[in-house]
Amino acid sequence: MVWWLALLWALLKLIIAFLFIFLTALILIYMLRKVMGHMQYRMGPRHHGPHGIWQTVFDALKLLGKEDIIPNGIDKYVYLFAPVIAFVPSLTIFAFLPFAPKVAASNFEISLFFIFAILGFSTISLLMAGWGSNNKYSLIGGIRGAAQLISYEIPLVLSTMGVVIMAGSLNLTDIVNAQVKIWYIIPQIVGFFLFFTCGLAEINHTPFDIPEAESEIVSGFNTEYSGFRFAAFFLAEFVNLFIICALAVLLFFGGWKPFTNPIAGTICFIAKTYVLIFISMWVRSTFPRFRLDQFMDFGWKFMLPLSLVNIFVTAVVVLIVDKIR
Amino acid sequence: MADEIKNNEIEVDEISAVNEPGDFPKDYMEINFGPHHPSTHGVFRFIAKLDGEKILEVEPIVGYLHRGIEKIAENRTYVQFKPLVDRLDYTGAMNNEFGYCIAVEKLMELEVPLKAQAIRVICAELNRICAHEVFFGAMGLEVGAFTPFLFGFKDREIAMHLMEMLAGGRLTFNYFTIGGVRQDVPKGFYAETKEYLKKFKKNLAEYHELFSGNEIFIKRTKGVGVITREDAIEWSMSGPTLRGSGAVFDIRKVEPYSGYDKYDWEVPVGKNGDVYDRYLVRMNEMAQSARIIEQALESLPEGDHQAKVARVIKPPAGEIYLRVEGTKGELGFYVVSDGTDKPYRMKIRTPSFNHLNALNYVLKNNYIADFPIILGSFDTVMGSVDR
């Protein structure tokens, strides 16, 4: 391919990814409001458009149109770049998520590994926002985010290793293709629960929304942010929710299976993802929040040993099955 | 002369020793919470010294909602002052009026008709349900669950509608009068209340299912903010906060007023004195309130709803302290009359103030994640702290 054609092609992919992300975030925010609303005996947004579907669009426009307030005494570059650092990893990950056979921005050999490497970045943005804001609440929120990271990141990665052992690959497309006879949710049920729990912690979702615990530290790391900088954090949070659920579908629920057609496969994949997102919203409207020390206990003393045991058992079983064959 | 200087020096040394951080770590962080903070229940402020996530010391600062109600009382007639009483603990306005009215009635040695007494009990207990419903919702928010808040407020809405039928207001009622209540029970109140209580009992079971048994909630609240029975008494705590620590003390039982002794009900008590116990005490109290209302409705006597009282109320010279079981604890009114139509002095003893006193004692060595929960378990209302 000529170099400028390749560049154009890459640019087109980027624009599609951008559009997809914005659309996803808008839909997810609307969905969250509706799902939580109906679970709490209320209607959710009602006014703009049928069943209030334009509400989130207007909210996003309002956020983008707001004055950019920069408080005094901040660490300027750290403060200004934190939302960027929060948003870019979420965008980058879409380059490695296969939606269906041939519907992927790139087919990378170690895509799973790479996704985990990039996902960890979002915590750096919490630390940056916490440090740069010149606000004690933000600082506590940022530090909490970092403390939370070290207790969920290891079980999060280890929980997927069972799947990797069974599929024999770190390539997400290969992992999905390996789930021919059976979805990995059945042999890897422990792995799935570990992955989903740690995944919720990764995106600061409700039982683990410790870094932004509203009742304790106002709004945590994003206390001092407003306007489009806040919108970047907000968007990243919802895009990350999509990413975690999409990863769970790819690893444990057979991705686009049973379809192999790109279009039907994409629809099937997104539908499965939305079911998982619904479950996470259900969790969100049911559970209270953990305390930080309790969560670290949970991470180090329960999830980490369990994921290690899971890997060991999977490896032994795979070895035995291979020997028998 | 020399002795005096010596004494002064000693005093200075002692004071500086008190002010010094003592065994604090050197690099503690001082952080200001409030007066605008999502979980300080109104305009309450405190300065906390933190070592990481741990609270070393808190210094509560109150007074942001001070309206001088006690002083205003001296310039108002007894009837004119009554609406202001609603503004003390605005989640339990009926109970405030209850305390004020029976204090003045006792001073005047006025006999309240039986029907008025029963209606008063119904109102007070409905209001107690409302207040505890708010507590339930706020507790949910405090531990980071949003749903209980809406569940609680949905239920409270109907109870408020019932009280609106009686008084015309939803939050501040001005319904009690000295010598009775303002108007008789309207048509349909009986049936609607019955229906509400039936629904309420079902909802209460649902709350327990959703929230009280939740693993994370229990983990967050069990063993947190423990107040022993002795300490609770020493800090002169009262109401559900005291009963959560295991002391069986309810003014409705100890000094029954307005015919509370006629009804069959129990005093829920906690065991460990932690946040979870205080929470459960309040939840169980709602069920008991429903029980009282049911009995009061069944046995609503015939007769007048208002005793015959002179236009201008002039209690004889004297003084009285009378207490009722408010929604948050012991609510006392100390009224001094000099024989004119205005009180000479009015002192209001509100439970939330005493509970806030103990804040440093309870919060010390807890994590900051626990402060909203512990503060929420006291169920303070700043309107009644600052008066």
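Whole-percent P(r), chain B, all Cα pairs, 10 Å bins from 0: 5, 22, 30, 23, 12, 5, 2, 0, 0.
Each of B:GLU164 and A:LEU14 was given a label point 7 Å from its Cα along the Cα-to-Cβ line. The distance between the two points is 5.7 nm.
Could you give me D for the range A:13-108, from Stokes-Einstein at 20 °C and 1.002 mPa s, where the hydrodynamic radius is the Kirkwood radius over C-alpha pairs? Units µm² s⁻¹, please. Before the final figure, lay out each step's value.
On the way: Rh = 16.3 Å.
For the chosen part, D equals 131 µm²/s.
Counting only aspartates and glutamates at least 8 places from A:LYS257 when in the same chain, those with an alpha carbon closer than 16 Å to its own are A:ASP174. By the rule of a C-alpha distance below 17 Å, with chain neighbours fewer than 8 residues away ignored, the aspartates and glutamates paired with B:LYS347 are B:GLU70, B:GLU74, B:ASP86, B:ASP89, B:GLU97, B:GLU105, B:GLU319, B:GLU325, B:GLU330, B:ASP338, B:ASP386.
Compared with the dominant principal axis of the Cα atoms in chain A, helix A:189-202 is inclined by about 20°.
Determine the share of the range A:34-133's accessible area contributed by carbon and sulfur atoms, expressed in whole percent, with a 1.4 angstrom probe. Don't skip to the answer; put the middle values down first.
Values: 3690 of 5300 Å².
Carbon and sulfur together cover 70 percent of it.
Take the Kirkwood radius over Cα pairs of the range B:346-387, plug it into Stokes-Einstein at 4 °C and 1.567 mPa s, and you get 118 µm²/s for translational diffusion.
Protection proxy ranking of A:6-14, B:232-240, A:184-192, by the mean of other Cβ atoms within 10 Å over each peptide's residues and highest first, is B:232-240, A:184-192, A:6-14. Its alpha carbons considered, the range B:217-355 gives a radius of gyration followed by a Dmax of 18.5, 58 Å.
With a cut-off of 9 Å between beta carbons, the residues surrounding B:ARG349 carry a summed charge of +1, where Lys and Arg count +1 and Asp and Glu -1.
When only the heavy atoms of the protein chains count and the probe is 1.4 Å, how do B:LYS71, B:LYS194 rank by accessible area, highest first? Each step should come with its number before you reach the end.
Details: B:LYS71 125, B:LYS194 65 Å².
My answer, sorted largest first, is B:LYS71, B:LYS194.
Extending 7 Å from Cα along the Cβ direction at B:ARG67 and again at A:ILE263 yields two label points whose distance is 6.7 nm.
Over the protein assembly as shown, the hull volume per residue, using the convex hull of the C-alpha atoms, is 225 Å³. In whole percents, the pair-distance distribution calculated for the range A:72-144 from its alpha-carbon pairs, binned every 10 Å from zero, is 20, 37, 23, 15, 5, 0.
The local environment of B:LEU50, defined by Cβ-Cβ distances under 12 Å, has a net charge of -2 under the rule Lys, Arg +1 and Asp, Glu -1. Taken as Cα centroids, the range B:356-387 and the range B:75-113 sit 28 Å apart, rounded to the nearest whole angstrom. For the segment B:138-149, counting C-beta atoms of other chains within 10 Å of every residue's C-beta and taking the mean gives 5. Helical content alone sets the calculated 222 nm signal of chain A at -22500 deg cm²/dmol, taking -39,500 (n - 2.57) per DSSP H segment of four or more residues and averaging over every residue. Entry note, the range A:17-142: relative contact order of 22 percent, from Cα contacts under 8 Å with a spacing of 6+ residues. Against chain A, whose longest principal axis is taken from its Cα atoms, helix A:55-65 shows a tilt of about 60°. Available extension along the chain between B:ILE233 and B:TYR344 is 36.9 nm, counting 0.36 nm per residue and deducting the alpha carbon span. Take the residue pairs B:LYS115/B:LYS328; A:LYS13/A:LYS181; A:LYS76/A:LYS136; A:LYS301/B:LYS222; B:LYS201/B:LYS328 and return only those whose Cα atoms are more than 24 Å apart. Going by Cα-Cα distance, B:LYS115/B:LYS328; A:LYS13/A:LYS181 fall outside the 24 Å limit.
Would you mind estimating how fast the range B:163-256 diffuses translationally, via Stokes-Einstein at 4 °C and 1.567 mPa s with the Kirkwood radius over Cα pairs, in µm²/s?
Numbers: Rh = 17.4 Å.
The calculation lands on 74 µm²/s.
Shielding value for A:209-218 is 6, the average number of Cβ atoms from other chains within 10 Å of each residue's Cβ.
A 27 angstrom limit on the alpha carbon distance is what I want to check against. Which of B:LYS82/B:LYS106; B:LYS262/B:LYS314; B:LYS194/B:LYS308; A:LYS272/B:LYS199 exceed it? Over 27 Å apart, Cα to Cα: B:LYS262/B:LYS314; B:LYS194/B:LYS308; A:LYS272/B:LYS199.
Quote the convex hull volume per residue of the range A:26-171, based on C-alpha atoms, as a whole number of Å³.
Values: hull volume 26.9 nm³, N = 146.
Output value, Cα hull per residue: 184 Å³.
Its alpha carbons give chain A an Rg and a Dmax of 20.3, 69 Å. Roughly how many nanometres apart are two label points built 7 Å out from the Cα toward the Cβ at B:VAL79 and B:LYS198? With each label point 7 Å from Cα toward Cβ, the separation is 4.1 nm. When the Cα centres of the range A:76-128 and the range A:179-249 are compared, how far apart do they sit, in Å? About 14 Å separates the Cα centre of the range A:76-128 from the one of the range A:179-249.
Can you name the helices of chain B, as whole DSSP H runs, whose Cα span along the helix axis is 20 Å or more and whose Kyte-Doolittle mean is not below -1.0? Please list the in-between numbers first.
On the way: long enough: B:2-19 (26 Å, -0.59); B:93-108 (23 Å, 0.35); B:114-142 (42 Å, 0.70); B:147-167 (30 Å, 0.42); B:189-207 (26 Å, -1.12); B:275-298 (35 Å, -0.30).
Counting only whole DSSP H runs, the qualifying helices are B:2-19, B:93-108, B:114-142, B:147-167, B:275-298.
Sorted by accessible area with a 1.4 angstrom probe, largest first, how do B:THR350, B:THR77, B:THR340 fall? Mind dumping the intermediate values first?
On the way: B:THR350 5, B:THR77 35, B:THR340 60 Å².
Of B:THR350, B:THR77, B:THR340, the descending order of accessible area is B:THR340, B:THR77, B:THR350.
Taking every alpha-carbon pair in the range B:52-126 and binning the separations at 5 Å intervals from zero gives 3, 12, 18, 20, 14, 10, 7, 6, 5, 3, 2, 1 percent.
Please give me the summed charge of the neighbours of B:MET165: other residues whose Cβ is under 10 Å from its Cβ, Lys and Arg +1, Asp and Glu -1.
Local net charge: -1.
Distance between the C-alpha centres of the range B:116-156 and the range B:278-343: 20 Å, rounded to the whole angstrom. Expressed as a fraction of 2.2 N^0.38 Å, the value expected for a compact globular protein of N residues, the C-alpha radius of gyration of the range B:244-318 is 1.54. The long axis of helix A:136-159 is offset from the longest Cα principal axis of chain A by roughly 10 degrees. In terms of packing, defined here as the mean over residues of other Cβ atoms within 10 angstrom, the peptides A:44-51, A:144-151 line up highest first as A:144-151, A:44-51. Compared with the direct C-alpha span, the chain from A:PHE22 to A:GLN294 gains 94.4 nm at full extension, assuming 0.36 nm per residue. Averaged over the residues of A:282-288, the number of partner chain Cβ atoms lying within 10 Å of the residue Cβ comes to 6.
Once you keep just the Cα pairs under 8 angstrom separated by 6 or more residues, what percentage relative contact order results for chain B? Walk me through the numbers before you get to the answer.
Values: 723 pairs, mean separation 98.2, N = 387.
About 25 percent, as a whole number.
The values are calculated or read from the model by the stated rules, or taken from the named source; none is laboratory data. Remember, it's a predicted structure, so these values are computed and weren't measured experimentally. Here the Cβ is made from the backbone with ideal geometry for all residues, glycine too, and neighbour counts use every protein chain on show. These accessible areas exclude ligands, DNA and RNA; they are computed on the full protein's heavy atoms, side chains included. Shrake-Rupley method; radii C 1.70, N 1.55, O 1.52, S 1.80 Å.
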